[in-house]
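The values are calculated or read from the model by the stated rules, or taken from the named source; none is laboratory data. Quick caveat: nothing in here was measured; it's all calculated off a predicted structure. Using ideal geometry, Cβ is built from the backbone for each residue, glycine included, and neighbour counts are taken over all protein chains shown. In case anyone asks, the SASA skips ligands and DNA or RNA and just uses the protein heavy atoms, side chains included. Shrake-Rupley method; radii C 1.70, N 1.55, O 1.52, S 1.80 Å.
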Amino acid sequence: MPQPNKTLKETWNETLHAHFGQYFSVENILYREKTDLQDLVIFENAAFGRVMALDGVVQTTERDEFIYHEMMAHVPLIAHGRAKKVLIIGGGDGGMLREVSRHPGLEHITMVEIDAGVITFCRRYLPRHSAGAFDDPRFKLVIDDGVNFVTATQEKFDVIISDCTDPIGPGSSLFTSNFYQGCARCLNEGGIFVAQNGVCFLQQDEAVNSHRKLSRYFNDVSFYQAAVPTYYGGIMTFAWASQDPAPRRLDPETLRHRVAAAGIECRYYNPAIHHGSFALPQYLLNALTA
Ligand code: SAM
(Lines give C-alpha, C1' and ligand atoms only; values in the text may rest on other atoms or scores of the structure.)
Protein backbone atom coordinates (compact mmCIF):
# COMPACT_ATOMS: atom_id res chain seq x y z
CA MET A 1 0.00 0.00 0.00
CA PRO A 2 1.65 3.34 -1.05
CA GLN A 3 2.42 5.77 1.80
CA PRO A 4 -0.06 8.60 2.63
CA ASN A 5 0.71 11.68 0.57
CA LYS A 6 1.80 14.59 2.81
CA THR A 7 2.14 17.18 0.07
CA LEU A 8 -1.52 18.32 0.27
CA LYS A 9 -1.44 21.95 1.63
CA GLU A 10 -2.96 22.73 5.05
CA THR A 11 -6.40 23.39 3.55
CA TRP A 12 -8.43 21.47 1.00
CA ASN A 13 -10.58 23.51 -1.41
CA GLU A 14 -13.53 21.99 -3.22
CA THR A 15 -13.52 22.58 -6.99
CA LEU A 16 -17.11 21.68 -7.89
CA HIS A 17 -18.08 25.30 -8.71
CA ALA A 18 -15.97 27.83 -10.60
CA HIS A 19 -16.77 30.97 -8.60
CA PHE A 20 -17.94 29.74 -5.19
CA GLY A 21 -16.80 27.04 -2.88
CA GLN A 22 -16.01 25.61 0.51
CA TYR A 23 -12.72 24.73 2.13
CA PHE A 24 -11.68 22.37 4.93
CA SER A 25 -8.67 22.64 7.20
CA VAL A 26 -6.67 19.45 6.85
CA GLU A 27 -5.56 18.13 10.23
CA ASN A 28 -4.26 14.87 8.80
CA ILE A 29 -4.17 13.24 5.39
CA LEU A 30 -5.13 9.60 5.79
CA TYR A 31 -4.84 8.61 2.16
CA ARG A 32 -4.55 9.97 -1.34
CA GLU A 33 -4.55 7.81 -4.44
CA LYS A 34 -5.36 8.20 -8.09
CA THR A 35 -7.33 5.03 -8.73
CA ASP A 36 -7.67 3.97 -12.38
CA LEU A 37 -10.77 6.15 -12.55
CA GLN A 38 -10.74 8.90 -9.93
CA ASP A 39 -8.54 11.02 -7.69
CA LEU A 40 -9.45 9.90 -4.16
CA VAL A 41 -8.46 11.66 -0.95
CA ILE A 42 -9.47 10.94 2.65
CA PHE A 43 -8.41 13.47 5.28
CA GLU A 44 -9.29 14.49 8.82
CA ASN A 45 -11.02 17.84 9.48
CA ALA A 46 -11.63 19.30 12.96
CA ALA A 47 -15.27 20.16 12.20
CA PHE A 48 -16.53 17.21 10.13
CA GLY A 49 -14.25 14.36 11.07
CA ARG A 50 -13.00 12.20 8.24
CA VAL A 51 -13.81 13.61 4.77
CA MET A 52 -13.70 11.68 1.50
CA ALA A 53 -13.47 13.51 -1.82
CA LEU A 54 -13.35 12.29 -5.39
CA ASP A 55 -11.97 14.45 -8.20
CA GLY A 56 -12.02 17.53 -5.98
CA VAL A 57 -15.64 17.14 -4.83
CA VAL A 58 -16.71 16.23 -1.30
CA GLN A 59 -18.48 12.86 -1.37
CA THR A 60 -19.09 12.26 2.30
CA THR A 61 -18.02 13.26 5.81
CA GLU A 62 -18.31 11.35 9.08
CA ARG A 63 -20.28 14.14 10.74
CA ASP A 64 -23.13 14.73 8.27
CA GLU A 65 -23.31 11.58 6.12
CA PHE A 66 -26.29 10.25 8.09
CA ILE A 67 -28.61 12.94 6.69
CA TYR A 68 -27.97 12.01 3.08
CA HIS A 69 -27.88 8.24 3.57
CA GLU A 70 -31.03 8.13 5.73
CA MET A 71 -33.00 10.23 3.23
CA MET A 72 -31.84 8.31 0.14
CA ALA A 73 -32.53 4.92 1.76
CA HIS A 74 -35.63 5.27 3.96
CA VAL A 75 -37.80 7.60 1.85
CA PRO A 76 -38.07 5.15 -1.11
CA LEU A 77 -38.10 2.01 1.05
CA ILE A 78 -40.82 3.23 3.44
CA ALA A 79 -42.79 4.65 0.49
CA HIS A 80 -42.57 1.32 -1.35
CA GLY A 81 -43.64 -0.62 1.73
CA ARG A 82 -42.91 -4.16 0.52
CA ALA A 83 -39.50 -4.06 -1.19
CA LYS A 84 -37.53 -7.29 -1.39
CA LYS A 85 -34.73 -6.42 -3.84
CA VAL A 86 -32.70 -3.20 -3.84
CA LEU A 87 -30.08 -2.00 -6.32
CA ILE A 88 -27.53 0.61 -5.22
CA ILE A 89 -25.59 2.27 -8.02
CA GLY A 90 -22.33 3.72 -6.74
CA GLY A 91 -22.32 4.01 -2.97
CA GLY A 92 -18.74 2.78 -2.58
CA ASP A 93 -18.32 4.37 0.85
CA GLY A 94 -20.88 1.92 2.25
CA GLY A 95 -23.12 4.45 4.03
CA MET A 96 -26.10 3.79 1.74
CA LEU A 97 -25.68 0.03 2.14
CA ARG A 98 -25.63 0.47 5.93
CA GLU A 99 -28.96 2.29 5.95
CA VAL A 100 -30.62 0.04 3.33
CA SER A 101 -29.61 -3.11 5.20
CA ARG A 102 -31.51 -1.88 8.29
CA HIS A 103 -34.74 -2.95 6.55
CA PRO A 104 -35.35 -6.52 7.74
CA GLY A 105 -37.83 -7.34 4.98
CA LEU A 106 -35.20 -7.02 2.22
CA GLU A 107 -33.95 -10.27 0.68
CA HIS A 108 -31.28 -9.02 -1.78
CA ILE A 109 -29.14 -5.90 -1.92
CA THR A 110 -26.94 -5.46 -5.00
CA MET A 111 -24.35 -2.70 -5.32
CA VAL A 112 -22.89 -1.75 -8.71
CA GLU A 113 -19.80 0.34 -8.04
CA ILE A 114 -17.42 1.36 -10.84
CA ASP A 115 -14.31 1.77 -8.68
CA ALA A 116 -13.32 -1.11 -6.41
CA GLY A 117 -10.63 1.14 -4.95
CA VAL A 118 -13.25 3.36 -3.30
CA ILE A 119 -14.68 0.38 -1.42
CA THR A 120 -11.22 -0.81 -0.36
CA PHE A 121 -10.19 2.58 0.98
CA CYS A 122 -13.51 3.42 2.58
CA ARG A 123 -13.72 0.07 4.39
CA ARG A 124 -10.32 0.91 5.88
CA TYR A 125 -10.56 4.68 6.50
CA LEU A 126 -14.33 5.22 6.91
CA PRO A 127 -15.35 2.03 8.76
CA ARG A 128 -18.30 3.72 10.50
CA HIS A 129 -19.92 4.38 7.10
CA SER A 130 -20.41 0.72 6.21
CA ALA A 131 -20.40 -0.47 9.87
CA GLY A 132 -20.11 -4.09 8.76
CA ALA A 133 -22.83 -3.89 6.08
CA PHE A 134 -20.49 -5.20 3.39
CA ASP A 135 -20.64 -8.52 5.26
CA ASP A 136 -24.45 -8.70 5.17
CA PRO A 137 -25.39 -12.11 3.64
CA ARG A 138 -28.00 -10.39 1.45
CA PHE A 139 -25.32 -8.22 -0.16
CA LYS A 140 -23.85 -8.76 -3.65
CA LEU A 141 -21.17 -6.52 -5.18
CA VAL A 142 -20.76 -5.93 -8.91
CA ILE A 143 -17.82 -3.84 -10.15
CA ASP A 144 -19.08 -2.13 -13.31
CA ASP A 145 -20.42 1.11 -14.73
CA GLY A 146 -23.98 1.43 -13.52
CA VAL A 147 -25.29 2.18 -16.99
CA ASN A 148 -23.85 -1.09 -18.32
CA PHE A 149 -25.51 -3.05 -15.54
CA VAL A 150 -29.03 -1.60 -15.83
CA THR A 151 -28.86 -1.95 -19.61
CA ALA A 152 -27.87 -5.62 -19.57
CA THR A 153 -29.18 -7.23 -16.39
CA GLN A 154 -32.09 -9.64 -16.48
CA GLU A 155 -32.73 -9.03 -12.79
CA LYS A 156 -35.61 -6.89 -11.53
CA PHE A 157 -35.57 -4.65 -8.45
CA ASP A 158 -38.13 -2.92 -6.24
CA VAL A 159 -36.00 0.13 -5.40
CA ILE A 160 -33.00 1.55 -7.27
CA ILE A 161 -30.83 4.12 -5.48
CA SER A 162 -28.28 6.01 -7.57
CA ASP A 163 -25.75 7.12 -4.96
CA CYS A 164 -23.33 8.51 -7.50
CA THR A 165 -20.87 11.33 -7.87
CA ASP A 166 -21.79 14.53 -9.70
CA PRO A 167 -22.15 14.39 -13.50
CA ILE A 168 -18.40 14.77 -14.08
CA GLY A 169 -15.97 11.96 -14.88
CA PRO A 170 -17.37 8.44 -14.42
CA GLY A 171 -20.53 9.81 -12.79
CA SER A 172 -21.70 11.48 -15.99
CA SER A 173 -23.08 8.22 -17.41
CA LEU A 174 -25.55 8.04 -14.49
CA PHE A 175 -27.33 11.18 -15.65
CA THR A 176 -28.05 9.95 -19.19
CA SER A 177 -31.25 8.81 -20.86
CA ASN A 178 -29.68 5.37 -21.39
CA PHE A 179 -29.20 4.99 -17.65
CA TYR A 180 -32.71 6.17 -16.78
CA GLN A 181 -34.22 3.93 -19.47
CA GLY A 182 -32.25 1.00 -18.11
CA CYS A 183 -33.48 1.71 -14.57
CA ALA A 184 -37.08 1.87 -15.78
CA ARG A 185 -36.54 -1.45 -17.52
CA CYS A 186 -35.23 -3.30 -14.47
CA LEU A 187 -37.76 -2.06 -11.92
CA ASN A 188 -40.58 -4.35 -10.80
CA GLU A 189 -44.18 -3.12 -10.88
CA GLY A 190 -44.53 -0.50 -8.15
CA GLY A 191 -40.77 0.09 -8.29
CA ILE A 192 -39.14 3.37 -7.25
CA PHE A 193 -35.98 5.06 -8.56
CA VAL A 194 -34.16 7.76 -6.57
CA ALA A 195 -30.89 9.53 -7.30
CA GLN A 196 -28.72 12.25 -5.84
CA ASN A 197 -29.31 15.22 -8.13
CA GLY A 198 -27.17 18.01 -6.66
CA VAL A 199 -27.94 21.24 -4.84
CA CYS A 200 -30.69 22.70 -7.01
CA PHE A 201 -29.91 26.35 -6.20
CA LEU A 202 -26.44 25.92 -7.71
CA GLN A 203 -27.05 22.96 -10.06
CA GLN A 204 -30.57 23.75 -11.29
CA ASP A 205 -29.84 22.70 -14.86
CA GLU A 206 -28.97 19.20 -13.62
CA ALA A 207 -32.36 18.90 -11.95
CA VAL A 208 -34.18 20.21 -15.02
CA ASN A 209 -32.26 17.84 -17.31
CA SER A 210 -32.86 14.83 -15.08
CA HIS A 211 -36.57 15.64 -14.83
CA ARG A 212 -36.87 15.96 -18.61
CA LYS A 213 -35.02 12.69 -19.30
CA LEU A 214 -36.73 10.70 -16.52
CA SER A 215 -40.15 11.86 -17.73
CA ARG A 216 -39.58 9.93 -20.98
CA TYR A 217 -39.52 6.62 -19.08
CA PHE A 218 -41.54 7.21 -15.89
CA ASN A 219 -45.08 8.49 -15.32
CA ASP A 220 -44.36 10.14 -11.98
CA VAL A 221 -41.18 12.22 -11.75
CA SER A 222 -40.35 14.73 -9.05
CA PHE A 223 -37.79 15.53 -6.35
CA TYR A 224 -37.52 15.51 -2.62
CA GLN A 225 -34.98 17.38 -0.55
CA ALA A 226 -32.85 17.67 2.54
CA ALA A 227 -30.21 20.14 3.67
CA VAL A 228 -26.83 18.40 3.92
CA PRO A 229 -24.21 20.84 5.29
CA THR A 230 -21.26 19.75 3.15
CA TYR A 231 -23.35 19.64 -0.03
CA TYR A 232 -23.32 23.39 0.44
CA GLY A 233 -25.31 26.11 -1.30
CA GLY A 234 -28.85 25.14 -0.34
CA ILE A 235 -31.03 22.04 -0.27
CA MET A 236 -29.82 18.78 -1.80
CA THR A 237 -32.36 17.53 -4.31
CA PHE A 238 -33.05 13.82 -4.78
CA ALA A 239 -34.66 12.72 -8.03
CA TRP A 240 -37.74 10.52 -7.64
CA ALA A 241 -39.29 8.41 -10.42
CA SER A 242 -41.99 5.75 -10.47
CA GLN A 243 -44.82 4.63 -12.75
CA ASP A 244 -47.39 5.16 -9.99
CA PRO A 245 -47.78 8.53 -8.18
CA ALA A 246 -49.27 6.93 -5.05
CA PRO A 247 -46.02 6.09 -3.19
CA ARG A 248 -44.88 9.73 -3.42
CA ARG A 249 -48.19 10.94 -1.93
CA LEU A 250 -48.54 8.75 1.15
CA ASP A 251 -50.29 10.51 4.03
CA PRO A 252 -48.42 11.20 7.31
CA GLU A 253 -50.46 8.59 9.24
CA THR A 254 -49.50 5.82 6.81
CA LEU A 255 -45.87 6.90 7.00
CA ARG A 256 -45.96 6.89 10.81
CA HIS A 257 -47.43 3.40 10.82
CA ARG A 258 -44.86 2.04 8.34
CA VAL A 259 -41.87 3.60 10.10
CA ALA A 260 -43.05 2.17 13.44
CA ALA A 261 -43.55 -1.25 11.85
CA ALA A 262 -40.04 -1.13 10.32
CA GLY A 263 -38.66 -0.35 13.78
CA ILE A 264 -36.15 2.09 12.33
CA GLU A 265 -34.91 4.92 14.59
CA CYS A 266 -32.91 7.58 12.73
CA ARG A 267 -30.96 10.76 13.51
CA TYR A 268 -32.50 12.84 10.70
CA TYR A 269 -35.27 10.86 8.97
CA ASN A 270 -38.72 10.63 10.54
CA PRO A 271 -42.26 10.43 9.08
CA ALA A 272 -42.81 14.22 9.18
CA ILE A 273 -39.46 14.87 7.48
CA HIS A 274 -40.36 12.23 4.86
CA HIS A 275 -43.71 13.84 4.11
CA GLY A 276 -42.36 17.40 4.12
CA SER A 277 -39.31 16.59 1.98
CA PHE A 278 -41.45 16.50 -1.17
CA ALA A 279 -42.32 20.19 -0.74
CA LEU A 280 -40.11 22.01 -3.24
CA PRO A 281 -39.10 25.68 -3.59
CA GLN A 282 -41.11 27.66 -6.14
CA TYR A 283 -38.01 28.55 -8.19
CA LEU A 284 -37.43 24.84 -8.82
CA LEU A 285 -41.09 24.16 -9.63
CA ASN A 286 -41.04 27.08 -12.07
CA ALA A 287 -37.86 25.77 -13.71
CA LEU A 288 -39.37 22.28 -14.10
CA THR A 289 -42.46 23.61 -15.86
CA ALA A 290 -40.73 26.31 -17.94
N1 SAM B 1 -22.87 10.83 -1.40
C2 SAM B 1 -22.08 11.18 -2.55
C3 SAM B 1 -22.72 12.27 -3.34
O4 SAM B 1 -23.88 12.53 -3.14
O5 SAM B 1 -22.00 12.89 -4.12
C6 SAM B 1 -21.82 9.95 -3.36
C7 SAM B 1 -20.88 9.06 -2.65
S8 SAM B 1 -20.32 7.60 -3.38
C9 SAM B 1 -18.69 7.69 -2.84
C10 SAM B 1 -20.25 7.93 -5.12
C11 SAM B 1 -19.78 6.66 -5.79
O12 SAM B 1 -20.21 6.61 -7.16
C13 SAM B 1 -18.24 6.50 -5.85
O14 SAM B 1 -17.89 5.35 -5.13
C15 SAM B 1 -17.93 6.35 -7.34
O16 SAM B 1 -16.86 5.48 -7.58
C17 SAM B 1 -19.25 5.82 -7.86
N18 SAM B 1 -19.49 6.00 -9.30
C19 SAM B 1 -19.21 7.08 -10.05
N20 SAM B 1 -19.59 6.87 -11.33
C21 SAM B 1 -20.13 5.62 -11.38
C22 SAM B 1 -20.71 4.83 -12.42
N23 SAM B 1 -20.80 5.30 -13.68
N24 SAM B 1 -21.17 3.59 -12.10
C25 SAM B 1 -21.09 3.12 -10.83
N26 SAM B 1 -20.54 3.81 -9.80
C27 SAM B 1 -20.08 5.06 -10.08
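Can you give the direction-averaged projected area of the convex hull of the alpha-carbon atoms in segment 13-60, in nm²?
Values: hull surface 13.4 nm².
For segment 13-60, the mean projected area of the Cα convex hull comes to 3.3 nm².
Could you work out how far apart the two model spin labels at Arg82 and His257 are, taking each label as a point 7 Å from the Cα in the direction of the beta carbon, and quote it in nm?
Inter-label distance under the simple model: 1.4 nm.
If you roll a 1.4 Å probe over segment 196-239 with all protein chains in place, what percent of the accessible area is carbon or sulfur?
48
Calculate the translational D of the chain in whole µm² s⁻¹ from Stokes-Einstein, where the hydrodynamic radius comes from the Kirkwood formula applied to all Cα pairs, the temperature is 20 °C and the viscosity 1.002 mPa s. Spell out each step's value before the answer.
Details: Rh = 19.1 Å.
Using the Kirkwood radius from Cα pairs, D works out to 112 µm²/s.
Ignoring ligands, DNA and RNA, what accessible area per residue does the chain give at 1.4 Å, in Å²?
It amounts to 42 Å² per residue over the chain.
Can you compute the modelled spin-label distance between Asp36 and Asn209, with each label point 7 Å from Cα toward Cβ, in nm?
Simple spin-label model gives 2.6 nm for this pair.
Just going by the charge dipole of the chain, with Lys and Arg at +1 and Asp and Glu at -1 on Cβ, which of Gly56, Ala131, His103 is farthest out on the positive end?
Projecting each Cα onto the dipole axis, the largest value belongs to His103.
Taking square-rooted eigenvalues a ≥ b ≥ c of the alpha carbon gyration tensor, is segment 58-125 rounded, prolate or oblate, where a/c under 1.5 means rounded and, failing that, a/b exceeding b/c means prolate?
oblate
With an 8 Å Cα cut-off and a minimum separation of 6 or more residues, compute the relative contact order for the chain in percent.
Averaging sequence separation for qualifying contacts and normalising by length gives 15 percent for the chain.
When the chain is modelled as a GNM with alpha-carbon springs shorter than 10 Å, which of Gln154, Gln59, Gln196 fluctuates the most?
Of Gln154, Gln59, Gln196, the Gaussian network model singles out Gln154 as fluctuating most.
For segment 120-177, which whole-number percentage of the solvent-accessible area (1.4 Å probe, protein heavy atoms only) is attributable to carbon and sulfur atoms?
Values: 1370 of 2540 Å².
Looking at segment 120-177 in its full context, I get 54 percent from C and S.
Write out the chymotrypsin sites (Phe, Trp or Tyr not before Pro) in segment 6-113 meeting two conditions: DSSP loop, and at most 10 other Cβ atoms within 10 Å of their Cβ.
Qualifying residues, ordered by number: Phe20.
Tell me the mean residue ellipticity at 222 nm calculated for the chain from its helices only (DSSP H runs of n ≥ 4, each -39500 (n - 2.57), averaged over every residue, nearest 500).
-8500 deg cm²/dmol
For segment 33-86, with all protein chains present and a 1.4 Å probe, just round the carbon and sulfur fraction of the accessible area to a whole percent. Mind showing how you got there, number by number?
Details: 730 of 1650 Å².
Carbon and sulfur together cover 44 percent of it.
When a/c is below 1.5 the answer is rounded, else prolate if a/b is larger than b/c, else oblate, so apply that to segment 217-290 with a ≥ b ≥ c taken from the square roots of the Cα gyration tensor eigenvalues.
oblate
With the convex hull built on the Cα atoms of segment 68-165, state its orientation-averaged projected area in nm².
5.7
How big is the dipole moment of the chain about its Cα centre under a simple scheme where the beta carbon of each Lys and Arg is +1, that of each Asp and Glu is -1, and everything else is neutral? Debye, nearest 20, please.
Using only the charged Cβ atoms, the result is roughly 440 debye.
Once you keep just the Cα pairs under 8 angstrom separated by 6 or more residues, what percentage relative contact order results for segment 1-96?
Averaging sequence separation for qualifying contacts and normalising by length gives 16 percent for segment 1-96.
Anyone know which of Ala260, Ala18, Ala83 comes out most mobile in the 10 Å Cα GNM of the chain?
Greatest mean-square fluctuation among the candidates belongs to Ala18.
Please state the charge dipole magnitude for segment 181-290, taken about the Cα centre, from unit charges on C-beta atoms (+1 on K and R, -1 on D and E), reported in debye and rounded to the nearest 20.
120
Among Pro76, Pro271, Pro137, which one shows the highest mean-square fluctuation when the chain is modelled as a Gaussian network with alpha-carbon springs under 10 Å?
In this elastic network of the chain, the residue with the biggest mean-square fluctuation among Pro76, Pro271, Pro137 is Pro137.
When a/c reaches 1.5 or more, the comparison of a/b and b/c decides; with that in mind, is segment 1-145 rounded, prolate or oblate per its Cα gyration tensor?
prolate
Can you tell me, using C-alpha contacts under 8 Å and at least 6 residues apart, the relative contact order of segment 138-203 as a whole percent?
41
So how far apart, in nm, are the two label points at Arg267 and Thr11 if each is 7 Å from Cα heading toward Cβ?
2.6
I need the calculated FRET efficiency for the pair Asn286 and Thr176, taking r as the beta carbon distance and R₀ as 25 Å, to the nearest 0.05.
0.50
Using all alpha carbons of segment 141-228, what is the percent of pairwise distances in each 10 Å bin, ordered from the shortest bin to the longest?
Calculated P(r), rounded to whole percents: 16, 53, 27, 3.
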